[in-house]
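The values are calculated or read from the model by the stated rules, or taken from the named source; none is laboratory data. As the structure is a prediction and not an experimental result, all values here were calculated from the model. All Cβ positions, even for glycine, are placed from backbone atoms using ideal geometry, and neighbour counts span all protein chains on display.
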Amino acid sequence: MIAPGAWLGVLGGGQLARMFAMAAHRLGYRVAALDPDPECPASGVADRLICASLDAPKGWRELANCSAAVTIETESVPAGSLRFLSNRLRVAPDADALAIAQNRALEKSFLQKNGFAVAPFFVLNRPLDKLNPGVESLLPGLLKTSRFGYDGRGQIAVATDTELINAFEELGGPCILEKRITLSAEFSVILARSDDGNTAVFPVPLNHHHAGILDLSIVPAQISPALQRKAVTTALRIAEALNYRGVMCVEFFLTADGQLLVNEIAPRPHNSGHFTLDACHTSQFEQQVRVLAGLPLGDPSALINKRGIAMVNLLGNIWGHAEPHWSPVLAHPHARLHLYGKRTPRAGRKMGHITCLAESTDAAKDIALSLRAQLVTGDASM
């Protein structure tokens, strides 16, 4: 066990690192964050900010010199950084799990090889002048970059041969082509797994996306208990197959014909788990600290059973030409505002979120969407 008072390191300085640092501080740890941006969200919270590129060995060494253990806040960090650091100190997750989760081609192949159902896909590594055998059966589909795509970026919908060839040239490859699936629901399972294989699973959120970006999460998910159990069992099996250590999110698709598919793995706390900050005995970020420091896992259950929880994202579009009027959110007894400390808002950028707790999921959803709508209109009178 790494006792409170020690330094914990995090690769990346975005909002997830900021929330990790806050959770670490509550448990008595100090935090060093590595990020190239001196004004990154973690800069105002971390005890030390190391300004260096995430792929710079000099930065890794500096982080290793001041930390007892290191984690990540984004899967875009090089897996080599964790291999380098693991020779010097404790890391979670490990480099092998990160290498799989950060590459869609490796991830889909890993899932398929281990018997987990995924959407039909094909890996495309070279520029196309004609379609490979079997690819046409995946049209219409989504062409996605193998790496560095998130929040709807790095993917293009394609319906014809020509669109696929042009999209591959635009994205630059390597890519995967996924068959477009008709969905009835999207949800996620967020879990923590310790060194000894103990696990803790959070309540399952139902997720709604807009333009490829998570827009709304509702807890408990409005899906059958049997389907929730199947998804949780699948997520735990994936974590075991990866020999995973840390906090992990597995995103699921439920198809229109009732098939459960794994969409992707996030080897870190996830946007759809932000509700845990206000609604669970232990948040996903405290669990990340606990696993990294070798502490016992906390209780992931909701604070109040049978209560509705909703989380809505606040994107830079809301800001317009000025700071929104926060009065409606701050005055509401069932709402919690979380801002990420980002200096520059822009369209599609996650700037914060609102979590609402109410007597039912419908009530929580209505409150959350209403409050956000007031921010969009700039109406501070309600």
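When the residues of region 262-283 are narrowed to those that are aliphatic (A, V, I, L, M) and part of a helix (DSSP H, G or I), which ends up farthest from Ala42 (Cα to Cα)? Spell out the reasoning first.
Of all residues in region 262-283, those aliphatic (A, V, I, L, M) come to 262, 265-266, 277, 279.
This time we only want the ones that are part of a helix (DSSP H, G or I), so: 277, 279.
On the way: Leu277: 17, Ala279: 23 Å.
Residue satisfying both the conditions and the ranking: Ala279.
Would you be able to tell me the number of residues in region 299-332 that are surrounded by fewer than 18 Cβ atoms within 10 Å (Cβ to Cβ), closer than 25 Å to Gln288 by Cα and either without any contact (Cβ under 8 Å) to a residue 24 or more places away in the chain or not charged (D, E, K, R) (or both)?
Going through region 299-332 one residue at a time, the tally reaches 4.
Here is a list of conditions, (1) aliphatic (A, V, I, L, M); (2) touching a helix residue (DSSP H, G or I) at 6+ places or on another chain (Cβ under 9 Å); (3) at pLDDT 95 or above, and Leu131 meets all of them except one; can you say which number that is?
Looking at each condition in turn, Leu131 falls short on (3).
List the pairs whose first member sits in region 233-261 and is part of a helix (DSSP H, G or I), whose second member is basic (Lys, Arg), and whose Cβ atoms are under 6 Å apart, counting only residues at least 6 apart or on separate chains?
Ala239/Arg193
Mind listing just one residue for me: the one in region 202-230 that is crowded, with 22+ Cβ neighbours inside 10 Å and more than 16 Å from the chain's Cα centre (by Cα) and, of those, nearest to Ala364 (Cα to Cα)?
Within region 202-230, the match that is nearest to Ala364 (Cα to Cα) is Val219.
Exactly one condition in (1) closer than 30 Å to Val291 by Cα; (2) surrounded by fewer than 20 Cβ atoms within 10 Å (Cβ to Cβ); (3) out of contact with any helix residue (DSSP H, G or I) (no Cβ under 9 Å at 6 or more places or on another chain) is not met by Ala95; state its number.
With respect to (1) closer than 30 Å to Val291 by Cα; (2) surrounded by fewer than 20 Cβ atoms within 10 Å (Cβ to Cβ); (3) out of contact with any helix residue (DSSP H, G or I) (no Cβ under 9 Å at 6 or more places or on another chain), Ala95 is out only on (3).
Which one of the conditions (1) under 28 Å from Leu369 (Cβ atoms); (2) outside the structural domain of Gly308 (by TED's automatic domain parsing); (3) free of Cβ contacts under 8 Å to residues at least 12 places away in the same chain does Asn166 fail to meet, given that it meets all the rest?
(1)
State all residues of region 289-307 that are modelled with pLDDT under 95 and either in contact with a Leu (Cβ under 8 Å, 6 or more places away or on another chain) or of a type in the set (S, T, N, Q) (or both); if no residue qualifies, say none.
Correct list: Ile304, Asn305, Arg307.
So if I check each of Glu240, Glu251, which one is under 15 Å from the mean Cα position of the chain (by Cα), farther than 28 Å from Ala6 by Cα, at pLDDT 95 or above and among the charged types (D, E, K, R)? Give the derivation first.
Details: Glu240 fails: under 15 Å from the mean Cα position of the chain (by Cα).
When all the criteria are applied, what remains is Glu251.
Go through Thr199, Thr145 for me and flag whichever is within 30 Å of Ala293 (Cα to Cα), polar (S, T, N, Q) and within 21 Å of the chain's Cα centre (by Cα).
Details: Thr145 fails: within 30 Å of Ala293 (Cα to Cα).
It is Thr199.
Taking helices (runs of 4 or more DSSP H) that fall entirely within region 284-382, which contain at least 2 residues that are more than 25 Å from Gly9 (Cβ to Cβ), of a type in the set (A, V, I, L, M) and under 24 Å from the mean Cα position of the chain (by Cα)?
361-377
Taking region 332-359 as the search range and keeping residues that are modelled with pLDDT of 95 or more and among the hydroxyl-bearing types (Ser, Thr, Tyr), which one is farthest from Cys40 (Cα to Cα)?
Thr355
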